[in-house]
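Reviewing the structure listed below.
The values are calculated or read from the model by the stated rules, or taken from the named source; none is laboratory data. Predicted model, so just to flag it, every value in this text is computed and none were measured. All Cβ positions, even for glycine, are placed from backbone atoms using ideal geometry, and neighbour counts span all protein chains on display. Keep in mind that these areas ignore ligands, DNA and RNA; they rest on the heavy atoms of the full protein, side chains included. Shrake-Rupley method; radii C 1.70, N 1.55, O 1.52, S 1.80 Å.
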Amino acid sequence: MEKVEVFTSEGKGRGLKAAKEFWAGDVIFAEPAYAAVVFDSLTHLVCHTCFKRQEKLHRCGQCKFAHYCDRTCQKDAWLNHKHECSAIKAHGKVPNENIRLAARIMWRIEREGGALTEGSLVSIDDLQNHVEHFGDEEKKELRVDVESFLNFWPAQSQQFGMQNISHIFGVINCNGFTLSDQRGLQAVGVGIFPNLCLVNHDCWPNCTVIFNNGKIELRALGKISPGEELTVSYVDFLNVSEERRQQLKKQYYFDCTCEHCQKGIKDDLMLAVKEGENKPSQDVVKEVLQFSKDTLEKINKARSEGIYHEVVKLCRECLKKQEPVLGETNIYLLRILSIASEVLSYLQMFEEAAGYAKRMVDGYTKIYHPNNAQLGMAVMRAGVTHWHASLIEAGHGMICKAYAILLVTHGPTHPITKDLEVMRVQSEMELRMFQQNEFMYYKMREAALKNQKIQVMPEPTNEVSSGLFHTKQ
């Protein structure tokens, strides 16, 4: 942690600043979790130590709850799992992820005390909890969590006061970082990383955070000078400034004063409508935006039920309404294009999916920071969709662009970057073949695909990443 310094940031409280110069892709620091747990819905599908998804996992023979890749992961987990294991057996049932995470934090405090741990710039005791800002509903949820925790917490363990327990739940509520699986494609758990909690928010940040090989990495998105504050974005940038500010106020209890929010930078692009002779009236725009919001609700319902052909139908109907009215960077158009391309790819309708994916990427490129991780992932998906649609030139170009972004945001050792490098090499070879003999390329591709099992695209998830930190559902 010698590369960073803690300082008091004007209007923000504590923050971190660079103690040396950094360039795009540099790892500023890596930090293991103080405590972390797998989401309730995935406890039997994800290793409780390394958070990798595996087809076959070893189950703890004692509590029958925890699952691990192998004996190595199980052995590494024992220090954090042994109290949890006996508590689950004694309690007779497994508490929810919030209670499990609070308990793991408390057992570590019991072992080590609440002061600074090795490599930490801030202790768990000193993290912000924002309990004093809780509304009535949040206070009610806190009382339920505290009661559930006390029912689960063993009598033989160190007993903590109500204020201490409430503090921990407050910390989890506003500082719980979402953990992804080994390929970075699905949220699988939540953890507490004290040093990361010191990094303040900016809607147009100079850093990004990625979970890689059991640790979070804070990575530079561009040149950072010594003394410059390090920032990350707590929320997705793909919302107008007022909506981002409302989300930040509701979830993190502060008013965002970043330049992009104060000046409404990019808001005009995100709310763009058609220009020229056929520019729509305000009433027509209002009607289409409301139709888009209503359709997105119907789409979410259909996706949650796995009715993907209904999702496609709803997307097509919505696009028909949107296209004469909304500009190509309008966030409601982009949301429909994203869903349509993802679901159509899953249904193996690659040609139509590629058309929507191209428009989505073009819009995202005008809005997002050029080294934004979500932009990189979107471009990667679009590239793969184009490859499946036999559009090798466009597909290879997108895969190369995605690779360049993910080298910065994820780094060369991240599994998804490694996968993308394999795709880049393969698509480059295919592109050369295509350029030398287009007819022969298609013949060989057709023959190869006939002999291969069809690669089904990942099933679309209904999970939308709303921010850097995990919020209780």
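Taking amide hydrogens as placed 1.01 Å from N in the peptide plane, the amide H of PHE29 sits under 5 Å from those of LEU218, each at least 5 positions away in sequence or on another chain. How high is the relative contact order of the chain, in percent, counting Cα pairs under 8 Å that sit 6 or more residues apart? Averaging sequence separation for qualifying contacts and normalising by length gives 16 percent for the chain.
Stokes-Einstein diffusion for segment 74-139 at 4 °C, viscosity 1.567 mPa s, with a Kirkwood radius from C-alpha pairs, works out to 92 µm²/s. The three principal axes of the Cα atoms in segment 27-92 give end-to-end lengths of 43, 26, 23 Å, sorted in falling order.
In the chain, taking the dipole from charged Cβ atoms about the Cα centre, the farthest positive-side position among VAL171, LEU326, GLN62 is held by GLN62. Summarising the overall dimensions of segment 286-327 from its C-alpha atoms, the Rg and Dmax are 10.5, 31 angstrom.
Segment 219-364 gives an Rg/Rh value of 1.03, both radii derived from C-alpha positions and Rh following Kirkwood. In this Cβ point-charge picture (+1 for Lys and Arg, -1 for Asp and Glu), the chain has a dipole of about 1200 debye about its Cα centre.
Taken over the Cα atoms of segment 333-417, the convex hull encloses 80 Å³ per residue.
If you split all Cα-Cα distances of segment 254-329 into 10 Å bins from zero, what percentages do you get per bin, shortest first? Per 10 Å bin, starting at zero, the Cα-Cα P(r) for segment 254-329 comes out as 17, 35, 29, 18, 1 percent.
Distance distribution note for segment 62-177: the fraction of Cα pairs above 26 angstrom is 22%. Where the accessible area of the chain is counted over protein heavy atoms with a 1.4 Å probe, how much of it, in %, is carbon and sulfur? Summing carbon and sulfur atoms, their accessible area is 50 percent of the total for the chain. The ellipsoid equivalent to the alpha-carbon distribution of segment 292-433 has semi-axes of 27, 16, 14 angstrom, derived from the gyration tensor eigenvalues as √(5λ) and listed largest first. Dipole magnitude for segment 381-448: about 100 debye, using +1 per Lys or Arg Cβ and -1 per Asp or Glu Cβ, origin at the Cα centre.
Taking only the C-alpha atoms of segment 194-276, the Rg (one decimal) and the largest Cα-Cα distance, Dmax (whole number), read 14.8, 52 Å. Computed 3J(HN,Hα) for segment 145-154, one whole-Hz value per residue from the Karplus formula 6.51 cos²θ - 1.76 cosθ + 1.60 where θ = phi - 60°, is 4, 4, 5, 5, 5, 5, 5, 8, 5, x, glycine and proline marked x. In µm²/s, what is D for the chain at 37 °C and 0.692 mPa s, where D = kT/(6 pi eta Rh) by Stokes-Einstein and Rh is the Kirkwood radius from Cα pairs? Here the translational diffusion coefficient equals 135 µm²/s.
Over segment 149-210, the alpha carbon radius of gyration divided by the compact-protein estimate 2.2 N^0.38 Å works out to 1.49.
When only alpha carbons of segment 1-64 are considered, Rg and Dmax amount to 18.9, 52 Å.
Rounded to the nearest 20, the Cβ-based charge dipole of segment 243-345 about its Cα centre (Lys and Arg +1, Asp and Glu -1) stands at 260 debye.
The packing ranking of peptides 206-217, 422-433, highest mean first, is 206-217, 422-433, where packing means the average number of other beta carbon atoms within 10 angstrom of each residue.
Strictly over 28 Å apart at the Cα level, which of LYS82/LYS418; LYS12/LYS223; LYS250/LYS298; LYS266/LYS358; LYS3/LYS366 would you flag in this model? With Cα atoms farther than 28 Å apart: LYS82/LYS418; LYS3/LYS366.
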